[in-house]
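The values are calculated or read from the model by the stated rules, or taken from the named source; none is laboratory data. Here the structure is a predicted model, which is why all the values come from computation and not from measurement. Ideal geometry is used to build each Cβ from the backbone, glycine not excepted, and the neighbour counts take in all protein chains shown.
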Ligand SMILES: N[C@@H](CCC(=O)N[C@@H](CS)C(=O)NCC(=O)O)C(=O)O
């Protein structure tokens, strides 16, 4: 059985929603961020970065959120969470990579400028720059998704994929920003179709979290 190391509202949202979409049994193992459990040797033996989430599949241990999501989708192709054929599969790779190494990385700077700088003035400058860069990234994503007439309800068109789960997770994180991601209409459409799915709702219920209270505002 899979084991997923998680904490509420973190990047563990995406793999847990993927597991719920697949419908496979898994054991969620909660980490206590307040006591820095993810920085303890026992967890760092699994994930040397001390970051959340980590997936354990038998003897195989995997970290990095996007890799975990992709691995699960590959292990369960019947769930259809990744397009089977190119060029759509290539488009999936493009957006998943963009979301994890550009947007998610930007969020880490925005939420945690203290991970880069000790000086409060430098932290404020990094947070401001990260926020402006994120807005430009949201625009690129929104333009890439395009209007509904170009393809359907989801990021890759009419078929749901794990990219939709990923963008919904990022969008929930953006609720603290002055311009949350739903201000971009194509992102809002895709995320609205995703966070209401039963699997995403089950993930939130199991994590004890709610959707963004300021959604749509
Ligand atoms: N690139 C990593 C980043 C993971 C990451 O930074 N997770 C955050 C939670 S969203 C974390 O572990 N935070 C620990 C902390 O806040 O101390 C991934 O995608 O798995």
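Every residue, every condition in (1) assigned by TED's automatic domain parsing to the domain that holds residue 15; (2) away from the ligand (no atom under 12 Å from the Cβ), yes or no:
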| residue | (1), (2) |
| --- | --- |
| 49 | yes, no |
| 55 | yes, no |
| 73 | yes, yes |
| 95 | no, yes |
| 133 | no, yes |
Selection within the stretch 9-30 - within 10 Å of the ligand (Cβ to nearest atom) and surrounded by fewer than 23 Cβ atoms within 10 Å (Cβ to Cβ):
9, 10
Mind checking whether some residue in the stretch 134-151 is closer than 21 Å to residue 53 by Cα, crowded, with 19+ Cβ neighbours inside 10 Å and within 16 Å of the chain's Cα centre (by Cα)?
no
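From 87, 77, grab the single residue that is modelled with pLDDT under 95, out of contact with any strand residue (DSSP E or B) (no Cβ under 8 Å at 6 or more places or on another chain) and more than 16 Å from the ligand (Cβ to nearest atom).
Numbers: 77 fails: modelled with pLDDT under 95.
Result of the check over 87, 77: 87.
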Among the listed residues 107, 117, 138, identify the single one that is farther than 30 Å from residue 78 by Cα and assigned to a loop (DSSP other than H, G, I, E, B).
117
Those residues that are more than 13 Å from the chain's Cα centre (by Cα) and more than 19 Å from residue 197 (Cα to Cα), I need them from the stretch 57-75; list them, please.
57, 58, 59, 60, 61, 62, 63, 71, 74, 75
Is it true that some residue in the stretch 103-113 is more than 10 Å from the ligand (Cβ to nearest atom), surrounded by fewer than 14 Cβ atoms within 10 Å (Cβ to Cβ) and free of Cβ contacts under 8 Å to residues at least 12 places away in the same chain?
no
Can you tell me how many residues within the stretch 57-69 are in contact with a strand residue (DSSP E or B) (Cβ under 8 Å, 6 or more places away or on another chain) and away from the ligand (no atom under 14 Å from the Cβ)?
1
Would you check if residue 160 is in contact with a helix residue (DSSP H, G or I) (Cβ under 8 Å, 6 or more places away or on another chain), at pLDDT 95 or above, outside any helix (DSSP H, G or I) and surrounded by fewer than 19 Cβ atoms within 10 Å (Cβ to Cβ)?
no
Looking only at residues in the stretch 145-157 that are more than 23 Å from residue 11 (Cα to Cα) and assigned to a helix (DSSP H, G or I), which one is modelled with the highest pLDDT?
148
